[in-house]
Amino acid sequence: MIDNEPPQSAETPLSEFPSFVKDIRAAGSPLPALHYWRPERTGDAAEDYECGRRHFREAVEVSRRPNSPMFLAFVLVAMFQNLGEMESGFIDGLLEAAQVGTVPPRLTDEEIAATDADQERLRVIEGEMANAIATKSWLPDFLRLTVLRLLSGAEGEHIGGAMTMIARMALNGSRN
């Protein structure tokens, strides 16, 4: 996962985040410990899907705030190995925005160095996402399958770079 400064601090109240962000701090801890993807589910597949799409729009709004450009990527990484109807709605919203977004640059060497991940593996997975992004206009299902494969855990947990790329592209597209 990308270890940039998450958009949280002791001064940032939880109420400034969407409802799917939960404080999971240990008892007695004064500092928040946010989990970026803990949505309330209805149990109705269609409603959960639409709720996921709304959550995507909320995540975009937070990502546009000062000091929060990585929020959308943090939400995606928090979905790791937790895919259902709500996540499908979120991802579909993300991919629709990504279709019109400009391709973002890969992570910088400084961003990679700031992670605790296997840097070589992170670059390989980031390359897979770059290849999937390159096919977005003529093979959009490949991009969706790549995102789902990575979030399902098929490549391990070193998905931060790939999720950062797709999040940045979706943010670019959501501005259009």
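Quick notes
- For the range 62-163, fraction of C-alpha pairs farther apart than 23 Å, in %: 23 percent
- Apolar share of the accessible surface for the range 136-176: 56 percent from carbon plus sulfur atoms, 1.4 Å probe.
- Per residue, the convex hull volume that the Cα atoms of the chain enclose (Å³): 121 Å³
- Per residue, the accessible area of the chain comes to 49 Å², computed with a 1.4 Å probe over protein heavy atoms only.
The values are calculated or read from the model by the stated rules, or taken from the named source; none is laboratory data. All values reported here derive from a predicted model rather than from experimental measurement. These accessible areas exclude ligands, DNA and RNA; they are computed on the full protein's heavy atoms, side chains included. Shrake-Rupley method; radii C 1.70, N 1.55, O 1.52, S 1.80 Å.
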